[in-house]
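Data first, discussion second: the structure below is written as structure tokens.
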Amino acid sequence: MIDFHCHLLPDMDDGSSSVEESLQILTSLSQQNVEKVVATPHFIANNESVDEFLYRRKNSYESLKPKLHKGLPEIRLGAEVEFYNGISNLEGLKKLCAENTDILLLEMPNEKWTQYTVDELFRLVSDGSIRIMLAHIERCLFLQDRDVVEYLLDNDVIMQSNASYFINTFTKRKACKRLSEHTIHVLGSDSHNMTTRPPKIKEAVDFIRKKLGNESIEYIDLLSKELV
Ligand SMILES: [Fe+2]
């Protein structure tokens with residue numbers, strides 16, 4: 001299994017606050033059969049430039065690197081990029097894609113998008129140099145018009161859902177329905193720490209397997225491996 005969304009890098013954002021905590025998150029992921037994890041600290045253009053972010057991310061990763069060992073998931077460096085109107089003109093946007101891919105994890109507003117926002121998102125989607133992955137779609141897609149969602153699906157936008165969507169009593173059935181309709185493509189733990197937001201990929205995988213059978217896990221797994 002691949003975790004596409006995780007705040008495991010130390011001291012980067014509101015995620016892991018130390019190398020030790022990062023190692024605990026990684027150990028937990030490996031115990032949940034996660035082979036690869038995309039490290040996705042928040043990028044907020046208002047706070048820093050792309051290069052400043054990449055410099056901080058490099059330092060953070062380098063502080064963790066000497067402690068990594070065999071058996072832990074492989075880390076790919078990425079970002080969770082906060083959408084804003086004007087983002088399609090951001091210099092260096094492509095550098096925020098997950099390492100060795102053209103995939104940009106994009107966090108959209110959790111409200112009904114304005115026409116301006118929709119147009120801006122469609123500009124990103126139609127940009128041939130990046131491929132958009134929408135972060136935790138369960139927070140925002142249900143608020144949008146059906147034709148907007150259909151456009152995104154028709155244009156190969158990757159839909160990432162948090163493991164918690166498949167665990168929460170009130171949403172787990174809906175989550176399975178969306179997965180079986182292939183409107184969810186990949187999973188993320190969106191883990192921030194080992195206390196309030198630990199990784200729970202296995203719990204989600206176990207529920208999906210029980211509810212939809214092993215084919216659904218194979219579907220996520222196969223697609224995930226094609227992406228990173
Ligand atoms: Fe996140």
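Quick notes
- Qualifying residue in the stretch 94-104 (condition: in a strand (DSSP E or B) and within 16 Å of the ligand (Cβ to nearest atom)): yes
- The single condition among (1) more than 16 Å from the chain's Cα centre (by Cα); (2) surrounded by 17 or more Cβ atoms within 10 Å (Cβ to Cβ); (3) assigned to a helix (DSSP H, G or I) that residue 51 does not satisfy is (2).
- Selection of the stretch 73-93 for residues being more than 14 Å from the ligand (Cβ to nearest atom), part of a loop (DSSP other than H, G, I, E, B) and either of a type in the set (A, V, I, L, M) or under 12 Å from residue 36 (Cβ atoms) (or both) yields 73, 90.
- For the stretch 195-206, the candidate set comprises residues that are more than 16 Å from the ligand (Cβ to nearest atom) and surrounded by 17 or more Cβ atoms within 10 Å (Cβ to Cβ); within that set, the residue that is nearest to residue 132 (Cα to Cα) is 205.
- The set of residues in the stretch 29-80 being among the small types (Gly, Ala, Ser), in contact with a helix residue (DSSP H, G or I) (Cβ under 9 Å, 6 or more places away or on another chain) and touching a residue at least 40 places away in the same chain (Cβ under 8 Å) consists of 45, 60, 63, 71, 78.
- Just one residue in the set 82, 99, 74 is closer than 24 Å to residue 187 by Cβ, acidic (Asp, Glu) and crowded, with 17+ Cβ neighbours inside 10 Å; that residue is 82.
- Among the residues of the stretch 31-48, the one identified as crowded, with 16+ Cβ neighbours inside 10 Å, away from the ligand (no atom under 16 Å from the Cβ) and outside any loop (DSSP other than H, G, I, E, B) is 36.
- Counting only residues that are within 16 Å of the ligand (Cβ to nearest atom) and on the phi > 0 side of the Ramachandran plot, the stretch 158-192 holds 1 of them.
- Look at (1) without any contact (Cβ under 8 Å) to a residue 12 or more places away in the chain; (2) assigned to a helix (DSSP H, G or I); (3) surrounded by fewer than 12 Cβ atoms within 10 Å (Cβ to Cβ) and you find that residue 116 fails only one, number (1).
- Test: residue in the stretch 131-141 that is at pLDDT 95 or above, of a type in the set (Lys, Arg) and within 16 Å of the chain's Cα centre (by Cα): yes
The values are calculated or read from the model by the stated rules, or taken from the named source; none is laboratory data. If you're wondering where the values come from, they're calculated on a predicted model, not measured in any experiment. Quick reminder, even Gly has a Cβ in these numbers, built from the backbone with ideal geometry, and neighbours come from all protein chains shown.
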